[in-house]
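Quick notes on the structure that follows.
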C-alpha cells in the first residue's frame, strides 16, 4: 500500500534544483513518485514501504543531490520565525549577509554613479580587490557550493550561472591588474571588480526579498496555526459544582476529557458542550463572520474564539483528528502539490541552464575570435549567464497556487489539490444536489393523511419505529415529529434500507405484529394509490412538499397504503443570488434530485436553475455527471453535494465540491470543501480559481519574457552584468509580488 512522506527541503534556488532533486529521489528503491515544490520548499514522495524504513534513505538522497532535508511536521511553521531570526545572524542567506554585501559593493559602484556628473574618480586597484574579494568568495560562497553540487549531479542551476558569470568578471579584473604589474598600462575602468561584487549583492538581495515574499504566501497556514492555544484547562473531576482544573499542554488532552473554556479564550479542542451558554466566533475556520450561539449539546471546533460565556466541553477531536488539523493538512497538501502545467515548466527548466551556458559560450567565441573583441566578449557572456536565471520560471506557478489556496481558505473554501484549482476556472456546468446543498437539509413533517382503519397515533408509532435506525433527513424529521406528538415507537426487526427508494422492516409489536411495513416515496408506490390518494399527493407536491407513504407490503401482489406524510424543507439563504452569479459567469446550472419531478421543477423555477434531473437514484448521479461532461463535445462539470450518495458523482466530476456540513465520505471524494453551507461559496471558489489561473499565466508570461528579451540584449552588449543582475533579481520578486495580489481578492458586491 502506497504512503506519502513529506520532507522539508533547504537550499533550492531555482526550477533546475527541483528537477535535479526529483531525479535523485526517484532513484531511491521503494519510491513510486516524487514531487518537489520550489515555493513551499517541500518534497512529497509516494513510497511502497513503511515511511520509518525509507525516510533515512530519502534524506540521504536529498543530501547527495546537494540539499538539506528534514521530516516535515506541523510544528515547523510555528518555529520558523524564531529560527529565521537566529539564522539571520549566522546564515549567508540572511539579512545580515545581504547588508554586508551591499556595504562592501557601494564604494565600488560609487565612481560609476558619479560619472554622469562629470566626476571621474576610481578607487585604487588594491582597494577594489579588498572590497570585492570577501563578497566574491565569502558572502558569495553559497553560489560556489550549490553550483558545485549541481555539477556533481550532472546538472546546473541558478547558482552555477551566477558563480560562472561573476568569477569570469572577477578573473578578468585580476588578469588585467596582473598585466599592469609587468609594465602594461591599463585604465582603471578596465577592472570589473564592481561588476562581480554588485551582481552577487543584487542576487543575494533578490533572493532575500523573494524569501520574505514567499512567507507571505503561507500566511493562511500561519494564521490557522496561531489559532491553537498552548494549553487547555483539564477538569480533574467531572463535577459541575466544583471546577477544579489543571493546565495541560494540548497534546496531553485525550478524547473524553472535560475541558473548561473561559470567556475570551480560544477553544483548545473539538468537543461537545456539557454545560454553559456562550457565543462562538468561527470566522477563521469557516469564513462565517457572525457569532454562533452554543449551549448544552452543541458542538464546538478547536481554535474558535469563545465569547462572553463560560463553557465546559467534552473533548471529541484532538491532535490530527481535530477539524483545525484537517483544515491545515488540506491547505498544506494543496500548496505542496504541483499543478499539471508546472510539470511542463519543470521539464523546460531542466534543459534551461545547459542551454544558457551553451549560448554564453557561443557568444564568447563569436565576439572573441570572429569580432576580435575579447574583453567585451567576456562581459557580454557574463551578462547572459547572470540574467538567464530560471528562478522566476520555477516560482511562477507554485506561488500563485499558494496565494490562491490561502485566500480561498480565508473565505472558508478548502482546496485539496492544485489540479482542482487549475480546472475550476474552466467550469461551464455546475450540478447541485438538492437536499442539504440548496436546501437546509432539515425537513419537517408538514401534513399527514390517514387512509387506514387504525388511529393516527398507531400509524405514527409504525412510521416512527421504522425510521428510528435511519440517518436519512426524512427519518430525522419523522423522529422530531414523533417527539412532538409523544409517540411510542413500535419495535422492528430485519430493517432494510433500499437506497433511493425507502426503508422496510418486519413489525414485532402492536396490532401490525408480523407485518412487513415500508416507508417509501410516493412515486415508487403510486400505481397502488387510489384516486383520492393521488389527489392528496398531487396537492402536496404542488406546494413543493415531498410525499412519502407508509405501506403494508406483506402481500407482494397487493401493497396497502396506510398513510401519506408530506415533508417540507427550507431553501438556504442566498441560493437565488448564488445561481444568478453563476449565470452571470456564463455557467449552466443543473439540479440532480431524488425527489419527485413536480417538487424538483417547482424548486428549480423558484431559484432559477436551468435544468432538472428528478427522481434520480444515487447510483444514477455519476452517470448524469458523465453525460453533462459530454455536452458540446466536452464540458467541464462541477458537482456540489453533501451526502454519502453524492460521493460517486463528486469523484466523477471534473471538480467535486463538498459541503462540510455533510458527511466525511462526501468531503473525501471532493477536491474542494466548503467550510459552511453558503451557496455563494460555489461561485466564489470558481472566481478564485479563475483569478489564480490568470496569475499563473501572467507569471509564466513575464518569466519567459525576461529571458526572451534579456538574453539577446545581453548577447548584443546592451546589458551590463550589473543591470542583468538587477533584472534577474527583479524577475523573481515581481513574480512573487504579482501572486500576492491575489490576497486582495474579495467577494463581488451584488
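The values are calculated or read from the model by the stated rules, or taken from the named source; none is laboratory data. Since the model is a prediction, treat every value here as computed from it, not as a measurement. Methodologically, a virtual Cβ is constructed for each residue, glycine included, from the backbone with ideal geometry; neighbour enumeration extends over all protein chains shown.
Let's see how each residue does on (1) over 25 Å from residue 236 (Cβ atoms); (2) at pLDDT below 90:
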| position | (1), (2) |
| --- | --- |
| 267 | no, no |
| 271 | no, no |
| 278 | no, no |
| 284 | yes, yes |
| 289 | yes, yes |
| 304 | no, yes |
| 310 | no, no |
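Given the conditions (1) in contact with a strand residue (DSSP E or B) (Cβ under 6 Å, 6 or more places away or on another chain); (2) not in a strand (DSSP E or B), and given that residue 49 satisfies all but one, which numbered condition is not satisfied?
(1) is the only condition that residue 49 fails.
So is residue 466 over 39 Å from the mean Cα position of the chain (by Cα), assigned by TED's automatic domain parsing to the domain that holds residue 556 and closer than 12 Å to residue 550 by Cα or not? Show your work before the answer.
Working: over 39 Å from the mean Cα position of the chain (by Cα): yes; assigned by TED's automatic domain parsing to the domain that holds residue 556: yes; closer than 12 Å to residue 550 by Cα: yes.
Here the answer is yes, as residue 466 does meet what is asked.
In contact with a helix residue (DSSP H, G or I) (Cβ under 8 Å, 6 or more places away or on another chain) and surrounded by fewer than 22 Cβ atoms within 10 Å (Cβ to Cβ), is that true of residue 440? Can you show your working first?
Values: in contact with a helix residue (DSSP H, G or I) (Cβ under 8 Å, 6 or more places away or on another chain): no; surrounded by fewer than 22 Cβ atoms within 10 Å (Cβ to Cβ): yes.
When the stated conditions are applied, residue 440 does not pass them.
Would you please list the contacts, defined by Cβ atoms under 8 Å and residues six or more apart or on different chains, that run from a residue in the stretch 24-40 that is outside the structural domain of residue 7 (by TED's automatic domain parsing) and surrounded by fewer than 24 Cβ atoms within 10 Å (Cβ to Cβ) to a residue that is at pLDDT below 85 and part of a loop (DSSP other than H, G, I, E, B)?
none
Within the stretch 595-611, how many residues are touching a helix residue (DSSP H, G or I) at 6+ places or on another chain (Cβ under 7 Å) and within 22 Å of residue 525 (Cβ to Cβ)? Talk me through it step by step, then tell me what you get.
Here is the first cut: in the stretch 595-611, the residues touching a helix residue (DSSP H, G or I) at 6+ places or on another chain (Cβ under 7 Å) are 596, 598-599, 607-609.
Now restrict to residues that are within 22 Å of residue 525 (Cβ to Cβ): 596, 598-599.
Here the count works out to 3.
Among 703, 730, 726, which is the only one that is modelled with pLDDT under 85, out of contact with any strand residue (DSSP E or B) (no Cβ under 9 Å at 6 or more places or on another chain), surrounded by fewer than 19 Cβ atoms within 10 Å (Cβ to Cβ) and farther than 30 Å from residue 578 by Cβ?
Working: 703 fails: surrounded by fewer than 19 Cβ atoms within 10 Å (Cβ to Cβ); 726 fails: surrounded by fewer than 19 Cβ atoms within 10 Å (Cβ to Cβ).
The match here is 730.
Within the set of pairs 6+ apart or on separate chains, which have a first residue in the stretch 129-157 that is farther than 25 Å from residue 26 by Cα, a second that is at pLDDT below 90 and not in a helix (DSSP H, G or I), and C-beta atoms under 7 Å apart?
139/92; 141/92; 142/92; 142/93
Give the residues of the stretch 54-70 that are under 26 Å from the mean Cα position of the chain (by Cα) and without any contact (Cβ under 8 Å) to a residue 12 or more places away in the chain, sorted by residue number.
If the condition is that a residue be under 26 Å from the mean Cα position of the chain (by Cα) and without any contact (Cβ under 8 Å) to a residue 12 or more places away in the chain, then no residue fits.
Condition first: part of a helix (DSSP H, G or I), over 21 Å from the mean Cα position of the chain (by Cα) and either modelled with pLDDT of 75 or more or under 30 Å from residue 409 (Cα atoms) (or both). Now tell me which residues in the stretch 313-360 satisfy that.
Pass one, the stretch 313-360, residues part of a helix (DSSP H, G or I): 319-321, 323-336, 340-360.
Retained after the next criterion (residues that are over 21 Å from the mean Cα position of the chain (by Cα)): 347-360.
Answer for the stretch 313-360, where residues must be part of a helix (DSSP H, G or I), over 21 Å from the mean Cα position of the chain (by Cα) and either modelled with pLDDT of 75 or more or under 30 Å from residue 409 (Cα atoms) (or both): 351, 352, 353, 354, 355, 356, 357, 358, 359, 360.
Hey, residue 634 hits all of (1) touching a helix residue (DSSP H, G or I) at 6+ places or on another chain (Cβ under 9 Å); (2) more than 30 Å from residue 539 (Cβ to Cβ) but one; which does it fall short on?
The one condition residue 634 does not meet is (1).
Test of understanding: among 578, 604, 563, which residue is assigned by TED's automatic domain parsing to the domain that holds residue 518 and either crowded, with 17+ Cβ neighbours inside 10 Å or within 22 Å of residue 450 (Cα to Cα) (or both)?
Working: 578 fails: assigned by TED's automatic domain parsing to the domain that holds residue 518; 604 fails: assigned by TED's automatic domain parsing to the domain that holds residue 518.
Exactly one residue qualifies, and that residue is 563.
Mind telling me which of the residues 616, 637 ends up being surrounded by 17 or more Cβ atoms within 10 Å (Cβ to Cβ) and more than 25 Å from residue 415 (Cα to Cα)? I'd like the intermediate steps shown before the answer.
Details: 637 fails: more than 25 Å from residue 415 (Cα to Cα).
That would be 616, the only listed residue that is surrounded by 17 or more Cβ atoms within 10 Å (Cβ to Cβ) and more than 25 Å from residue 415 (Cα to Cα).
Please enumerate the residues belonging to the stretch 496-528 that are buried (at least 19 other Cβ atoms within 10 Å of the Cβ), touching a helix residue (DSSP H, G or I) at 6+ places or on another chain (Cβ under 7 Å) and modelled with pLDDT of 85 or more.
503, 505, 507, 512, 517, 519, 522
Any residue at all in the stretch 90-98 that is modelled with pLDDT under 80 and either more than 28 Å from residue 387 (Cβ to Cβ) or part of a helix (DSSP H, G or I) (or both)? Quick ask: steps written out before the conclusion?
Step one: filter the stretch 90-98 for residues modelled with pLDDT under 80, giving 90-94.
Those still in the list that are either more than 28 Å from residue 387 (Cβ to Cβ) or part of a helix (DSSP H, G or I) (or both) too: 90.
Checked against the condition, which is being modelled with pLDDT under 80 and either more than 28 Å from residue 387 (Cβ to Cβ) or part of a helix (DSSP H, G or I) (or both), the stretch 90-98 yields at least one hit.
Only one of 176, 166 is on the phi < 0 side of the Ramachandran plot, crowded, with 24+ Cβ neighbours inside 10 Å, modelled with pLDDT of 75 or more and not assigned by TED's automatic domain parsing to the domain that holds residue 65; which?
Numbers: 176 fails: crowded, with 24+ Cβ neighbours inside 10 Å.
166 is the lone residue from the list that is on the phi < 0 side of the Ramachandran plot, crowded, with 24+ Cβ neighbours inside 10 Å, modelled with pLDDT of 75 or more and not assigned by TED's automatic domain parsing to the domain that holds residue 65.
Looking at residue 646 and the list (1) at pLDDT below 90; (2) over 25 Å from residue 688 (Cα atoms); (3) in a helix (DSSP H, G or I), which single condition is not satisfied?
Condition not satisfied by residue 646: (2).
Taking the options 624, 631, name whichever one is at negative phi, at pLDDT 80 or above and part of a loop (DSSP other than H, G, I, E, B).
Numbers: 624 fails: part of a loop (DSSP other than H, G, I, E, B).
After ruling out the rest, the residue left standing is 631.
Is it true that residue 551 is touching a helix residue (DSSP H, G or I) at 6+ places or on another chain (Cβ under 6 Å), assigned to a strand (DSSP E or B), within 27 Å of residue 497 (Cα to Cα) and not assigned by TED's automatic domain parsing to the domain that holds residue 638?
Values: touching a helix residue (DSSP H, G or I) at 6+ places or on another chain (Cβ under 6 Å): no; assigned to a strand (DSSP E or B): yes; within 27 Å of residue 497 (Cα to Cα): yes; not assigned by TED's automatic domain parsing to the domain that holds residue 638: yes.
For residue 551, the condition - touching a helix residue (DSSP H, G or I) at 6+ places or on another chain (Cβ under 6 Å), assigned to a strand (DSSP E or B), within 27 Å of residue 497 (Cα to Cα) and not assigned by TED's automatic domain parsing to the domain that holds residue 638 - is not met.
Regarding residue 476, is this residue in a strand (DSSP E or B) and within 30 Å of residue 573 (Cβ to Cβ)?
On the way: in a strand (DSSP E or B): no; within 30 Å of residue 573 (Cβ to Cβ): yes.
So residue 476 does not fit the description; no.
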